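Inspection log for the structure reproduced underneath, given as structure tokens.
The values are calculated or read from the model by the stated rules, or taken from the named source; none is laboratory data. None of these values were measured; they are calculated from a predicted model. Here the Cβ is made from the backbone with ideal geometry for all residues, glycine too, and neighbour counts use every protein chain on show. These accessible areas exclude ligands, DNA and RNA; they are computed on the full protein's heavy atoms, side chains included. Shrake-Rupley method; radii C 1.70, N 1.55, O 1.52, S 1.80 Å.
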Amino acid sequence: MKAMILDEYGDNAAFKPTDLAKPSVKAGHVLVRVAATSVNTVDTMIRQMGQENLPISPDLPAVLGMDFAGIVEAVGEGVTGFAPGDEVYGCAGGLMDLQGALAEYILADSKLIAHKPKSLSMREAAALPLVGITAFEGLQRANVGAGQKVLVHGGAGGVGHVAVQLAKHSGAEVYATVSGGEQAAIVEGYGATAINYKTETVAEYVEKHTGGAGFEIVYDSVGGPNLTNSFEAAALNGNVATTVSMVELDLTPVHFKGLSLHVVFMLIPMIHDHKREEHGAILTELAAIVDAGKLTPLLDEKTFGLADVGQAYDRLTSGQAIGKVVVEI
């Protein structure tokens, strides 16, 4: 099968075309003919940092790519619910010893996949698994519900745009931080209220939208130093969920507000083979929400083929992409 591999890691690491042996199906797994894969920030981090700085990186030569959508070609012993010809999507490779989706075929644990949303193209479906599971898990752990005021930091980003829509679907009153007019239009199109963090301070928008009480849930898809803004924006006994917490911070505001902090690291089931079936269940639920018209993945306008994967990764790291960057195989 055709694949794109990395022979080295680093800022200038180049993807190279190669021919690899087609994976053989095994028990509990399905062999999927990949139609499309999307690029996530963690993929670009693996490319740049490698095993020395990011231990989840696969051995070289490496086939990256976590997300995919495609068609089942074969099912292994013990697999139920999937058959050859089924259209599926999932996040099941591209780290540790799991071959990624930058290839014509991927061998995926059947627990990590689901039938793709019927209303989405393969390109659209490939954009959803990692960010969809991440957004879903964070809101679930924060116990999102109808009537709550929810703030999403990075509302037009990969995880953020899904979190905005899922929170809205839950009946919450949703607000989202953005950096400008184009992003504001996106989140307002989802029925949320846009907050330009460049022109309004946290104190100002907390007073404006909550009367100073704060937001019951803050989903921080920016994280890092921005977590201090999340703590400031949160209501007493509120919930803060974040996807980026590799930072040293003073948790005094968390203490005096009695906040609950939820760290979402959706790769745990893949890395540790821990409760993988939960990812399949979330993807199944996400597909139903999509097909009900309540969730639409946002895709960047640029299109890429397998041979252009280096350009696709550069597109994401440039910060110019609006929406998910997708590579069609």
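Please label the shape of the range 174-216 as rounded, prolate or oblate, based on the square roots a ≥ b ≥ c of the eigenvalues of the alpha-carbon gyration tensor (a/c under 1.5 means rounded; beyond that, a/b larger than b/c means prolate, else oblate). The shape class here is oblate.
Per residue, the accessible area of the range 214-306 comes to 49 Å², computed with a 1.4 Å probe over protein heavy atoms only.
With 24 Å as the limit on Cα-Cα distance, the pairs of 149/294; 275/324; 198/294 that go past it are 275/324; 198/294.
In order along the range 97-113, phi translates into HN-Hα couplings of 9, 9, 4, x, 9, 7, 7, 6, 9, 9, 9, 10, 4, 5, 6, 9, 10 Hz, rounded to whole numbers, per the Karplus curve 6.51 cos²θ - 1.76 cosθ + 1.60 with θ = phi - 60° and x for Gly and Pro. Between the beta carbons of residue 303 and residue 251, assuming R0 = 35 Å, the FRET efficiency works out to 0.20 to the nearest 0.05.
Pull out a ≥ b ≥ c, the square roots of the eigenvalues of the alpha-carbon gyration tensor of the range 271-329, then state rounded if a/c is under 1.5, prolate if not and a/b is larger than b/c, and oblate in the remaining case. In terms of gyration-tensor shape, oblate. If the chain linking residue 59 and residue 140 were pulled fully straight, counting 0.36 nm for each residue of separation and taking away their Cα-Cα distance, it would gain 25.8 nm.
Separation of the range 1-69 and the range 269-329, taken as the distance between their Cα centroids, equals 15 angstrom.
Ranked from largest to smallest solvent-accessible area, with a 1.4 Å probe on the protein heavy atoms, 169, 153 come out as 169, 153.
Ranked by solvent-accessible area (1.4 Å probe, protein heavy atoms only, all chains present), the residues 276, 141 order from largest to smallest as 141, 276. Highest mean packing comes first when the peptides 69-79, 86-96 are listed by Cβ atoms within 10 Å, giving 86-96, 69-79. Any lysines with Cα under 22 Å of the residue 22 Cα? List them, leaving off those in the same chain fewer than 8 positions away. Output for residue 22: 2, 111.
Can you tell me how the range 147-247 classifies by the Cα gyration tensor, rounded, prolate or oblate, using a/c under 1.5 as the rounded cut? Rounded is the answer for the range 147-247, as its axis ratio a/c remains below 1.5. The helix-based estimate of mean residue ellipticity at 222 nm for the chain, built from -39,500 (n - 2.57) per DSSP H run of four or more residues and divided by its residue count, is -9000 deg cm²/dmol to the nearest 500. Full extension of the chain segment joining residue 96 with residue 8 gains 30.2 nm, where the gain is 0.36 nm per residue of separation less the Cα-Cα distance.
In this simple spin-label model, placing a label point 7 Å from the Cα along the Cα-to-Cβ direction at both residue 118 and residue 20 gives a separation of 3.4 nm. Heavy-atom surface analysis with a 1.4 Å probe gives the chain a carbon and sulfur content of 50 percent of its accessible area.
Other residues within the sphere of radius under 13 Å centred on the Cβ of residue 228, judged by their own Cβ, net out at -3 (K and R +1, D and E -1). Each DSSP beta bridge with both residues in the chain is either parallel or antiparallel, and the antiparallel ones are about 55%.
Compared with the alpha-carbon gap, the fully stretched path from residue 274 to residue 45 is longer by 80.1 nm at 0.36 nm per residue. Take every Cα pair under 8 Å whose residues are at least 6 apart in sequence, average their separation, divide by the length of the chain, and the relative contact order is 18 percent.
Given the options 194, 281, 234, state which has the largest fluctuation in a GNM of the chain using a 10 Å cut-off (strictly under) for Cα springs. With Cα springs under 10 Å in the chain, the top fluctuation among 194, 281, 234 is at 281.
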